[in-house]
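The values are calculated or read from the model by the stated rules, or taken from the named source; none is laboratory data. These numbers come from a predicted model, not from an experiment. All Cβ positions, glycine included, derive from the backbone under ideal geometry; neighbour counts span all protein chains shown.
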Amino acid sequence: MKGIIFDIKHYAIHDGPGIRQTVFLKGCPLSCWWCHNPESRSREIFSYEKEESIDGRKICQTETVGQSYSVSALMAEIGKDRIFFEESGGGITFSGGEPLLQFDFLMEVLKKCRQQEIHTCVDTTGFVAKEKMKATAELTDLFLFDLKQMDDELHRQYTGVSNRLILENLKILDAMGKEIWVRYPLIPGFNDDESQVFRMLDFLSRLQKKPPVQLLPYHKIGKHKYTRFGIDYKMKGVEEPSQKHIEKTKKYFEDAGFAVRVGG
């Protein structure tokens, strides 16, 4: 069995507790306007021409996005960082894209991690069949759950899919008693005004257990990738939220009884 991975980040400290290794699986059913990893959308491995300037000379080279891994090869890579997991209370985080899009491969790796007592975390959009979400939950210690917008029409406009299945899956994980950290991307003009924040707070407050919340302010770091990969960048002219606005939003969550931090 093979999985397609486009990046592996060692010594990650923002994708769950402790020092972690984050594995980025290719493929995503969403097409969020602000996505900073647009190369993750397709499940296919592809190549592109990268141009760099060195000492005034332009050099072109072919780079490939995505690599095929067997379960055993990925477990060998994970094993390289095991001492850091054990010393820091860390583990492995599967991100993307949407890691559950490669469900069979992910399940096999999660089983191996469980056998080796490696802490596992899945960073998910929540847009996956309920049966797959439940099966994944049985082998996962922590979910980083992306929650973007409560309004279904706006969610469809900015991500390309409905939010109904996403909300249902979050409630399923909550009912199963799973540990969940909610990731809320703060996107100007999409979900950052008071009415949108209060709708989010109302929904989260109805869960059995209030999850910690990570506010992820919009940034332009991945903007250059859209030009590189020939993808239309829909956030032109959108500015990053001010620190004042970020702190104001953070306080709304804190006042509602949520543990909040800014950033992953």
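Results, tabulated for the structure shown:
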read-out: So residue 148, is it modelled with pLDDT of 95 or more, touching a Ser or Thr at 6+ places or on another chain (Cβ under 8 Å), within 16 Å of residue 16 (Cα to Cα) and among the basic types (Lys, Arg); value: no
read-out: Residue match in region 120-139 (condition: more than 22 Å from residue 245 (Cβ to Cβ), within 20 Å of the chain's Cα centre (by Cα), in a strand (DSSP E or B) and in contact (Cβ under 8 Å) with a residue 60 or more places away in the chain); value: yes
read-out: Contacts under 8 angstrom Cβ, first residue in region 151-165 being touching a residue at least 60 places away in the same chain (Cβ under 8 Å), partner part of a helix (DSSP H, G or I), 6 or more apart; value: 161/155
read-out: Residue pairs meeting the criteria (Cβ under 9 Å; at least 6 apart or on separate chains; first assigned to a loop (DSSP other than H, G, I, E, B), in region 227-251; second modelled with pLDDT of 90 or more and among the small types (Gly, Ala, Ser)); value: 238/189
read-out: Considering residues of region 172-199 that are assigned to a loop (DSSP other than H, G, I, E, B) and touching a Ser or Thr at 6+ places or on another chain (Cβ under 8 Å) only, the residue nearest to residue 131 (Cα to Cα); value: 178
read-out: Answer residue from region 129-159, given it is out of contact with any Asp or Glu (no Cβ under 9 Å at 6 or more places or on another chain) and among the basic types (Lys, Arg) and is farthest from residue 112 (Cα to Cα) among those; value: 156
read-out: When residues of region 86-106 are limited to those that are assigned to a loop (DSSP other than H, G, I, E, B) and either modelled with pLDDT under 95 or among the aromatic types (Phe, Trp, Tyr) (or both), the one nearest to residue 32 (Cα to Cα); value: 97
read-out: Residues that are within 13 Å of residue 188 (Cβ to Cβ) and either surrounded by 10 or more Cβ atoms within 10 Å (Cβ to Cβ) or in contact with a Phe, Trp or Tyr (Cβ under 9 Å, 6 or more places away or on another chain) (or both), drawn from region 237-258; value: 238, 239, 240, 241, 242, 245, 246, 249
read-out: Checking residue 117 against (1) in a loop (DSSP other than H, G, I, E, B); (2) free of Cβ contacts under 8 Å to residues at least 24 places away in the same chain; (3) acidic (Asp, Glu); (4) at negative phi, the condition it does not meet; value: (4)
read-out: Region 13-47 - residue that is part of a loop (DSSP other than H, G, I, E, B) and acidic (Asp, Glu) and, of those, surrounded by the most Cβ atoms within 10 Å (Cβ to Cβ); value: 15
read-out: Pairs, first touching a residue at least 40 places away in the same chain (Cβ under 8 Å) in region 49-64, second surrounded by 10 or more Cβ atoms within 10 Å (Cβ to Cβ) and assigned to a strand (DSSP E or B), C-beta under 6 Å, six or more apart; value: 50/63
read-out: The listed residue being surrounded by fewer than 22 Cβ atoms within 10 Å (Cβ to Cβ), hydrophobic (A, V, I, L, M, F, W, C), modelled with pLDDT of 95 or more and in contact with a Leu (Cβ under 9 Å, 6 or more places away or on another chain), out of 137, 73; value: 137
